[in-house]
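Here the structure comes first, spelled out in structure tokens, and everything after it is commentary.
Where a number appears in this text, it was derived from the coordinates with a stated rule and is not lab data. All of these numbers come straight from a predicted model, not from anything done at the bench. Counting neighbours? That spans all protein chains shown, and the Cβs are built from the backbone with ideal geometry, glycine included.
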Amino acid sequence: ILVSPDPAATARRAADVVLAGLARRPGRDPVLGLATGSSPLGLYQELGRAVAEGRADFSTAHGIALDEYVGLPPGHPEGYRQVLLREVCDVIGLSPDRLAVPDGSATDEASLVAAATAYEERIAALGGVDVQILGIGANGHLGFNEPGSALASRTRVKRLSERTRRDNARFFTGLDDVPTHCLTQGLGTILGARRLVLVATGDGKADAVAAALEGPLTASVPASVLQWHPDTVVCLDEAAAAGLR
Ligand code: F6R
């Protein structure tokens, strides 16, 4: 657990942790797991700075999204493919051809189940994720694994909680426009990454961070699975760390 004074310092430290994790497998195209949301934005900017300064190169990297909404039309600006193209590919020089996002465009269950299976196969074919970047929901969710998610779950369709839909309504014109379902890597999928890097800043995350890191390992707090992973680095600012003992 690395506590920094403010969000900017948290982002710098997280970027160093990500780059060190990717450097452990030289000679192989790095596979970077990507979260959306506000928490990792500073980290992505710092990775972009590292590229500009010649300290990093993502031109041969693969990007693996954590999750995607179901039912948004292709090209919707808040669909996570578009978000990651803007906030990651453009910023760190990751090729759009090397960005994998679960395909949430189908509306029937069989196609979505097939998309989830295909996504797991894609991750396996790349040899797994080297470093998975994560944020945490105020309710302790990880990816879109809401409280009650099975600890060994794989990529699948999930219903979004009302809390998460309200939290994400800021990206849409209103709550009614926020999708009700998503495709998300499961907790078991996330645990398969070689290194997990969670970024959380602000007092709104303090309770969730404390429950995840110091509470019991429980499906009621999905991010508590971090305790189970042998190489997890949690990057917090002081506000997000305020609930830790
Ligand atoms: C995003 C994701 C979510 C977010 C979480 C925190 O791909 O899977 O788990 O990381 O909701 O969101 P922010 O960072 O916006 O507070």
field: Rh (Kirkwood; distinct C-alpha pairs) - the chain, Å
entry: 17.8
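Taking the Cα centre as origin and putting +1 on Lys and Arg beta-carbons and -1 on Asp and Glu beta-carbons, what dipole magnitude results for the chain, to the nearest 20 debye?
Using Cβ point charges on Lys, Arg, Asp and Glu, the chain gives about 460 debye.
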task: Name the long-range amide H neighbours of V221: under 5 Å, sequence gap of 5 or more, or other chain; modelled H, no Pro or chain starts.
output: G148
- request: State, as an integer percentage, the relative contact order of segment 48-141 based on alpha-carbon contacts under 8 Å between residues 6 or more apart.
  value: 29
statement: FRET efficiency for E121 and D97 from the Cβ-Cβ distance with R0 = 25 Å, rounded to 0.05, comes out at 0.90
query: Which of A125, V157, G27 sits closest to the plus end of the dipole of the chain, meaning its Cα is farthest towards the positive end, when Lys and Arg get +1 and Asp and Glu get -1 on the C-beta?
result: G27
message: For G33, what residues show an amide H to amide H distance below 5 Å, using hydrogens built from the backbone and excluding near sequence neighbours?
response: I64, D130, V131, Q132, I133
query: Arranged by the count of other C-beta atoms within 10 angstrom, fewest first, what order do I136, I1, I92, I123 take?
result: I1, I123, I92, I136
query: What share of the DSSP beta bridges in the chain is antiparallel, in percent to the nearest 5?
result: 30
- prompt: If you add up the charges near C235, with Lys and Arg at +1 and Asp and Glu at -1, over every other residue whose beta carbon is less than 13 angstrom from its beta carbon, what do you get?
  reply: -1
query: Mean projection of the alpha-carbon convex hull of segment 51-191 over all orientations, in nm²?
result: 9.0
- request: Please report, to one decimal in angstroms, the Kirkwood hydrodynamic radius of segment 113-202 built from all distinct Cα-Cα pairs.
  value: 14.0
